[in-house]
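Visitor: Just passing along the structure, written as structure tokens.
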Amino acid sequence: MTTVLRASGSADFLRIVPSLAGFTPSESVVLLPFHGSRTCGAMRLDLPDDAVELEEYADAAVGLVARVDGTDAVAVIVYTDTESESTRDGLVVPYAVAVDELLGRAVDTGLRIVDALCVTPSGWLSYLDDEPELSELLIEAPAVPGIGDVTGDQRAGTALPHADLAEKERVGRSLLELDRLLARGRRGAVSERENPQAIAALVLLEDIPAFFESVLEAPDDLPPFATAALLWCLGRPMFRDVALTQWATDLAGGVRTLDAQLAFSASRIGVPDDIGDVFVGRGPAPDPSRLRLALDVVRTAAARAPIASRPAPLTAAAWLSWALGRSSHAGHYLELVAEVDPDYGLATLLGAMINSAVLPEWAFRRGAASATAS
């Protein structure tokens, strides 16, 4: 269902931006692509620092907006803790030079400017006014079905779920026992006298796609051995890739990916392009609710995992966040990975993509958002 949010002016428009973005931005430039009088969703960039070339920054920002289907106009909003400066000639709005570069690049690209605003702790101002004045900010954002609390900033919700020491110890012991059983199983030496829960975990791994599907049913309630089995899978690139592809598609997609991975491992038969496309954000858009469930699963697994096993679920959380269009969240999880293993393979690749402002192609398709403004 699409929720229509109406704005009668700049103040009203600012009030609904957090509902469109899903959070209240801080130290950010927010770009809203318009088609006619309507926008859906929002793009957030970090504010440019002194080391950034403003022309390159503007080119990259406007390039992102222009990729959204049907975009013919843009609104630009700066959120900053820097206050406007009072001079003899009037108020100087923060980041005016950067915004002027952005607006000029947008116009050169053929985009109409809907609005250009700056939000500071004291209120808001317009970059389009010859003599800008500080106005009071109306902070209560309208509720949108399916979007929760939007008062936090772009990193709200990234903290891992709480896991007490006992939970972590149980998962750690389970992972050690599972590793031991798998090693013994390869030699055909697993007996019925083993821990029944460990045996049950081995059974889960007999059908990995079915296991990856089952964890979506109770993402916050996996028993220790099931969590250990998931960590074991995510720690192996072949099975991790199956998990991410399956969660972004469906069970059949997971089965296809596993078959393709096994064929590649056995005889270097190439993986079909459509499977590889999922990893770089091409193809049909995933079901966001399914991605969010998977994100809950891997975040919980990361919270309960031994430190050495955390990079795998955290990198999965980064990819799932990226697939949802949450690059800020993805970047946070990658920072946590780097604290444990700065050279972790997939994390390094994802980090390069995010630093280059690469987003999934499906993020640019109009109509995927749950809220629109007009």
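Visitor: Can you pull the percent of Cα pairs in the range 3-153 with separation above 22 Å?
Guide: Counting every Cα pair in the range 3-153, those more than 22 Å apart make up 37 percent.
Visitor: Determine the gain in length on full extension of the stretch R88-L165; use 0.36 nm per residue of separation and subtract their C-alpha separation, reporting nm with one decimal.
Guide: 21.7 nm
Visitor: Something else: Could you give the dipole magnitude of the chain about its Cα centre, charging the beta-carbon of Lys and Arg +1 and that of Asp and Glu -1, in debye to the nearest 20?
Guide: For the chain, the charge dipole is close to 1860 debye.
Visitor: Then there's this: Taking a cut-off of 27 Å, what percent of all Cα-Cα pairs in the range 165-364 are separated by more than that?
Guide: The answer is 28 percent, as a whole percent.
Visitor: Give me the distance in nm between label points sitting 7 Å out from Cα along the Cα-to-Cβ direction at R268 and D46, one decimal.
Guide: According to this spin-label approximation, the distance is 4.0 nm.
Visitor: Which one of T82, V99, G9 has its Cα pushed farthest toward the positive end of the charge dipole of the range 3-153, where Lys and Arg give +1 and Asp and Glu give -1 at the Cβ?
Guide: G9
Visitor: Hey, what do the phi angles of the range 343-351 turn into as Karplus ³J(HN,Hα) couplings, whole Hz, using 6.51/-1.76/1.60 and θ = phi - 60°, x for Gly and Pro?
Guide: For the range 343-351, the Karplus curve yields 10, 5, x, 5, 5, 4, 5, 4, x Hz.
Visitor: Once you place label points 7 Å from the Cα toward the Cβ at D69 and R290, how far apart are they in nm?
Guide: In this crude label model, D69 to R290 measures out at 1.8 nm.
Visitor: While we're here: Tell me the net charge near D81. Cut-off is 12 Å between Cβ atoms, D81 excluded, with +1 for each Lys or Arg and -1 for each Asp or Glu.
Guide: Summing Lys and Arg as +1 and Asp and Glu as -1 gives -3.
Visitor: Which option, (i) 29.0; (ii) 18.2; (iii) 21.0, is the value of mean projected area of the Cα convex hull in nm² that was calculated from these coordinates?
Guide: The value matching this structure is (iii).
Visitor: Ok, one more. Ranking request for peptides 174-184, 234-244: highest mean number of other beta-carbon atoms within 10 Å first, then the rest in descending order.
Guide: 234-244, 174-184
Visitor: Still on this structure, please answer the following. Which one of A229, A357, A316 has the biggest mean-square fluctuation once the chain is modelled by GNM with Cα springs under 10 Å?
Guide: Sorting by GNM fluctuation, first place goes to A357.
Visitor: Once every DSSP H run of n ≥ 4 in the chain is given -39500 (n - 2.57) and the sum is divided by its residues, what mean residue ellipticity at 222 nm do you get, rounded to the nearest 500 deg cm²/dmol?
Guide: -15000 deg cm²/dmol
Throughout, read-outs are computed from the coordinates displayed, never taken from laboratory work. Predicted, not measured: the structure shown is a model, and the values here were computed from it. In this analysis, Cβ positions are derived from the backbone assuming ideal geometry, glycine residues included, and neighbour counts consider all displayed protein chains.
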